[in-house]
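Colleague: Have a look at this one.
The values are calculated or read from the model by the stated rules, or taken from the named source; none is laboratory data. As the structure is a prediction and not an experimental result, all values here were calculated from the model. Please note: Cβ atoms are built from the backbone with ideal geometry, for glycine as well, and neighbour counts cover all protein chains shown.
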C-alpha cells in the first residue's frame, strides 16, 4: 500500500534541511508532498525539494477545478514548527495555505508530528505550555530537532546553524513509522 506524507515547512533555519527530510521519506517508500509558508521560502531550496519529491513545493491554495485535489496524507510532518505555527494550530487559525492544511489534518486525526524550532524566550510565553498540551491532547506529538527525542524542547537563540547541522531526518522517518496508522 502506497503511503502519502505531507511535509509542512515554516520559517526557521531547519527549513534548509527540508529536501533532505523529503528524500529520506521517499527512500523509505513514501509519496511526499511539501508545502512552504512564505517565511519558509527564504530558507528552503525549492529546486532540491522538487528533485527529491518529483514535484514543486506548494505555498498557495489550489484553484478549484483547475488542479486535482491531492490524496489525503497518511501522516503529516511540520518541520520546523515555529512558535507562530504552533500557536495558530492550537487556536485554529488557518489564514495561509500551510496553516489551513495543518488545522484540517489535526481535525481529521491524521497522525501529525511537529519538530519545534522555538527559542527560549518564546518558550516561556504564558500561552506556550497550553498550546503544547492542547495539541498533544489532539494527538500531535513532538520531536526535539537536536536529539530526535520525542519531546518538545526549546532551542537556544543563536544555535540555528548547529541544530540544522545536527538534525537527522531519519529520526523523523522512524518516529512517523512508529505512529503511522498505515501497517508496515
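Colleague: Those residues that are free of Cβ contacts under 8 Å to residues at least 40 places away in the same chain and part of a strand (DSSP E or B), I need them from region 32-46; list them, please.
Modeller: The answer is 32, 34.
Colleague: Which residues, counting only those in region 86-117, are in contact with a helix residue (DSSP H, G or I) (Cβ under 7 Å, 6 or more places away or on another chain) and touching a residue at least 60 places away in the same chain (Cβ under 8 Å)?
Modeller: Passing the criteria: 99, 102, 111, 113, 115, 117.
Colleague: Can you tell which of 76, 98, 115 is modelled with pLDDT of 95 or more, under 17 Å from residue 43 (Cβ atoms), outside any helix (DSSP H, G or I) and under 11 Å from the mean Cα position of the chain (by Cα)?
Modeller: Details: 76 fails: under 17 Å from residue 43 (Cβ atoms); 98 fails: outside any helix (DSSP H, G or I).
Step by step, each of 76, 98, 115 is checked, and only 115 is modelled with pLDDT of 95 or more, under 17 Å from residue 43 (Cβ atoms), outside any helix (DSSP H, G or I) and under 11 Å from the mean Cα position of the chain (by Cα).
Colleague: Hey, among 59, 100, which residue is surrounded by fewer than 20 Cβ atoms within 10 Å (Cβ to Cβ) and touching a strand residue (DSSP E or B) at 6+ places or on another chain (Cβ under 6 Å)?
Modeller: Going through 59, 100 in turn, just one is surrounded by fewer than 20 Cβ atoms within 10 Å (Cβ to Cβ) and touching a strand residue (DSSP E or B) at 6+ places or on another chain (Cβ under 6 Å): 59.
Colleague: For region 103-123, which residues satisfy the criterion of being surrounded by 21 or more Cβ atoms within 10 Å (Cβ to Cβ) and over 13 Å from residue 139 (Cα atoms)?
Modeller: Of everything in region 103-123, those that are surrounded by 21 or more Cβ atoms within 10 Å (Cβ to Cβ) and over 13 Å from residue 139 (Cα atoms) turn out to be 115, 116, 117, 118.
Colleague: Taking region 15-29 on its own, how many of its residues are touching a strand residue (DSSP E or B) at 6+ places or on another chain (Cβ under 7 Å) and either surrounded by fewer than 17 Cβ atoms within 10 Å (Cβ to Cβ) or free of Cβ contacts under 8 Å to residues at least 40 places away in the same chain (or both)?
Modeller: The qualifying residues number 3.
Colleague: Still on this model: Tally up the residues in region 150-183 that are assigned to a loop (DSSP other than H, G, I, E, B) and either modelled with pLDDT of 95 or more or touching a strand residue (DSSP E or B) at 6+ places or on another chain (Cβ under 8 Å) (or both), please.
Modeller: Number of matching residues: 12.
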